[in-house]
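Working notes, structure below.
Derivation of every value follows stated rules applied to the coordinates shown; laboratory data play no part. All values reported here derive from a predicted model rather than from experimental measurement. Cβ coordinates were reconstructed from backbone atoms using ideal geometry, including for glycine residues, and neighbour counts include every protein chain displayed.
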Amino acid sequence: MNNALPPELAPPQVLIVGDCMLDVYLEGAVHRISPEAPVPILRLHRQSQRAGGAANVALNLARLRCPCTVSGLVGTDTAGACLAALLDQPGITQHFVRGPDIDTIQKIRMVSQRQQLLRMDVESEPPQRRIDELTALAGDLAARHRWILVSDYAKGALREVRTLIERSRGLPCRVLVDPKRKDLEAYRGAWLIKPNLAELREAVGDWRTEDELCERLAALQQRLDIDHVLLTRGEQGMSLYSRGGGCLHIPTEAREVYDVSGAGDTVLAALTCFLARGAALEDAVRAANRAAGLVVGKFGTASVTLEELGVPA
């Protein structure tokens, strides 16, 4: 007899900490140019909101039936209420630091015929005391979870991320990081980091050959005590570099790239979902690559399911 709990009742193994944001889409049509300035006039047809950043990682995990806890800085403003409502579903536990002195991050996209015309970012530097609250809260939550996901969009919530990682190293958990900083020193001691090509070039400089890249990554992993680097290469797929010389290259499975918004969030979520299900790291990377190939074929910040990946629930 199977005594496993349904996903919505199982205790979360995964904790996401990071920059939570609300993605707003203003969709319409452009038929003429403004007489006031040489800019298109967008006639609004519909407006929609989606979870973005660390919140999108949580939503992706929920779609993959992997219970999770999400923590970050969210305001008591209208955007914050909307984001909390989007995450109010089975499989997601919310532990936010909230307050009127926090502005919920928003990315507002104006879209015509599925093409972005303009993106407006609404954000402000969070107060240090709120960052300290989040760091303390995340440290307490880390003790209850097996996998800690750090979703860093460089918006300020993870200013003290090094403190969180150092505290987690004394716990029976592994830390996976989606980085945005040029200086990767803040992620010292993480089990895995997942930069893209541009982010890695900023961190280690450009390279001429794959052998040179391997040498630079080996030195980086040794210096920062990082076991694995998962490099996402866009249309070239992704590569896993493991300390000790192991390297796995996986070509992309994307048939058509429609929108890359939030694709990195899907990769992080799918990777962790399969690790939490007991898969080996290499198999989890292959599953994450399949998920990325599916999600870039969708419009806007999106997610995938186990059924789409051809995996039994």
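Over the chain, dividing the summed -39,500 (n - 2.57) contributions of all DSSP H runs of at least 4 residues by the number of residues returns a 222 nm mean residue ellipticity of -9500 deg cm²/dmol.
Ignoring aspartates and glutamates fewer than eight residues from K180 along the same chain, the ones with Cα atoms less than 13 angstrom from its Cα are D19, D152, E199, E202, D265. Percent of alpha carbon pairs in the stretch 81-123 separated by more than 15 Å? That fraction is 60 percent. Scalar couplings 3J(HN,Hα) for the stretch 177-186, obtained by applying the Karplus form with A = 6.51, B = -1.76, C = 1.60 to θ = phi - 60°, are 10, 9, x, 10, 8, 5, 8, 7, 4, 4 Hz; x denotes Gly and Pro. Summary of packing: across the peptides 108-119, 93-104, the per-residue average of other C-beta atoms within 10 Å ranks them, highest first, as 93-104, 108-119. In sequence order, the stretch 75-82 has phi-based couplings of x, 8, 7, 4, 4, x, 5, 5 Hz under the Karplus curve 6.51 cos²θ - 1.76 cosθ + 1.60, θ = phi - 60°, and Gly or Pro positions carry x.
Over the Cα atoms of the stretch 54-157, compute the convex hull volume and normalise it per residue, giving Å³.
Values: hull volume 11.9 nm³, N = 104.
Taking the convex hull of the Cα positions in the stretch 54-157, it is 114 Å³ per residue.
Karplus-based coupling profile of the stretch 25-32, in residue order and whole Hz: 10, 9, 9, x, 9, 10, 10, 7, with θ = phi - 60° in 6.51 cos²θ - 1.76 cosθ + 1.60 and x standing for Gly or Pro.
If you bin all the Cα-Cα distances of the stretch 17-68 at 5 Å, starting from zero, the percentages per bin are 5, 18, 15, 14, 12, 10, 10, 9, 5, 2, 1. Computed on the chain, with alpha-carbon pairs under 8 angstrom and 6+ residues apart, the relative contact order is 16 percent.
Using a ≥ b ≥ c from the Cα gyration tensor of the chain (square roots of the eigenvalues), is it rounded, prolate or oblate, where a/c under 1.5 gives rounded and otherwise the larger of a/b and b/c decides, a/b for prolate?
Since a/c stays below 1.5, the shape of the chain is classed as rounded.
For the stretch 87-207, what's the relative contact order in percent, using C-alpha pairs closer than 8 Å and at least 6 residues apart?
Numbers: 149 pairs, mean separation 21.1, N = 121.
Across the stretch 87-207, relative contact order equals 17 percent.
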